[in-house]
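What follows is a set of notes on a single structure, which appears directly below.
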């Protein structure tokens with residue numbers, strides 16, 4: 001019995017000895033990473049997802065593949081990330097919609113923004129622009145509000161999904177102005193812009209990457225900017241703050257997250273590679289071209305900002321009486 005026991009112990013040690021080198025030869029990462037974008041291809045988040053993935057992959061020594069998983073104002077994609085294995089191979093492009101506005105509106109969201117994600121870094125902050133169809137009668141934001149007061153519930157206002165940041169801020173703006181638009185939710189910026197240009201939608205508000213090319217091409221007309229200062233690319237367009245809507249004039253942000261409980265060493269590598277990408281001249285130039293700004297942060301800073309905004313938007317949802325439909 002003693003001899004047999006010694007033999008089994010020796011065999012176990014030998015097995016462990018042969019298994020360890022095999023494990024050691026496969027450091028992270030040893031296969032491609034998935035970057036889950038919770039909105040459609042061609043959307044605002046997609047613009048930055050692809051800018052980031054092109055630079056993140058080479059820094060990490062592997063491919064970073066963007067996967068678009070749209071639906072429910074970004075909630076479906078965010079839920080996919082929250083439920084993924086926390087091994088660093090599934091990351092998510094996060095936004096105010098997925099981490100703050102959506103959970104504030106939808107009581108049935110199956111993730112907790114504070115507990116179910118690893119906050120890696122904030123990436124960019126960017127303004128939004130409210131635009132109208134070129135044939136629409138309102139020439140200014142003041143005109144739009146006057147028309148909405150005269151025709152309550154008749155003017156269509158496109159938003160990128162119920163519970164998105166665009167939806168919550170549009171509803172809050174209506175509450176402050178005491179007007180009512182017919183809110184029309186879309187799965188992404190592309191379909192919304194298509195309907196606006198075709199005249200099937202009157203007004204929409206979205207982050208600047210999706211609308212600026214159409215504004216510059218003259219196919220839509222800008223009437224308001226969500227930022228605290230006017231944009232150099234749209235110097236004649238007033239901000240919401242200028243028009244008395246300070247509480248809905250703050251620019252929004254995108255950031256990088258993963259599932260909760262990712263290993264610290266992996267998080268640190270991804271953050272360092274992300275910050276390197278944000279400093280790349282090409283990334284900076286393409287960000288500035290959209291009047292956005294790179295905003296690298298620590299995990300703690302990103303988590304604190306998201307937590308504070310989530311609390312604020314929960315109050316906005318109560319004040320404005322916003323309900324998921």
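The values are calculated or read from the model by the stated rules, or taken from the named source; none is laboratory data. What you are looking at is a predicted structure, and each value in this text was computed from that prediction instead of being measured. Methodologically, a virtual Cβ is constructed for each residue, glycine included, from the backbone with ideal geometry; neighbour enumeration extends over all protein chains shown.
Checking the stretch 42-50 against the condition returns a match, with at least one residue being surrounded by fewer than 18 Cβ atoms within 10 Å (Cβ to Cβ), over 12 Å from the mean Cα position of the chain (by Cα) and touching a residue at least 40 places away in the same chain (Cβ under 8 Å). Working only within the stretch 178-217, note down all residues that are at pLDDT 90 or above and in a loop (DSSP other than H, G, I, E, B). Once the filter is applied, which keeps residues that are at pLDDT 90 or above and in a loop (DSSP other than H, G, I, E, B), the stretch 178-217 yields 178, 179, 180, 181, 199, 200, 201, 202, 217. The set of residues in the stretch 235-266 that are part of a helix (DSSP H, G or I) and crowded, with 20+ Cβ neighbours inside 10 Å contains only 248. Pairing each residue of the stretch 58-70 that is in contact (Cβ under 8 Å) with a residue 60 or more places away in the chain with any residue that is in a loop (DSSP other than H, G, I, E, B), provided the two are 6+ apart or on different chains, yields C-beta distances under 7 Å for 60/29; 70/38; 70/39; 70/40; 70/187; 70/188.
Hey, does the stretch 295-306 have a residue that's free of Cβ contacts under 8 Å to residues at least 12 places away in the same chain and closer than 30 Å to residue 130 by Cα? Yes - at least one qualifying residue is present in the stretch 295-306.
Screening residue 65 with (1) in a helix (DSSP H, G or I); (2) over 13 Å from the mean Cα position of the chain (by Cα); (3) surrounded by fewer than 21 Cβ atoms within 10 Å (Cβ to Cβ) gives one miss only, at (1).
Of the residues examined, residue 135 is one that is outside any strand (DSSP E or B), in the same structural domain as residue 221 (by TED's automatic domain parsing) and within 17 Å of residue 193 (Cβ to Cβ).
Applying the criterion of being touching a strand residue (DSSP E or B) at 6+ places or on another chain (Cβ under 9 Å) and free of Cβ contacts under 8 Å to residues at least 40 places away in the same chain to the residues of the stretch 183-199, the residue that is nearest to residue 151 (Cα to Cα) is 183. If I filter the stretch 134-191 down to residues being on the phi > 0 side of the Ramachandran plot and in contact with a helix residue (DSSP H, G or I) (Cβ under 6 Å, 6 or more places away or on another chain), which single residue comes out as surrounded by the most Cβ atoms within 10 Å (Cβ to Cβ)? Among those residues, the one meeting the criterion is 163.
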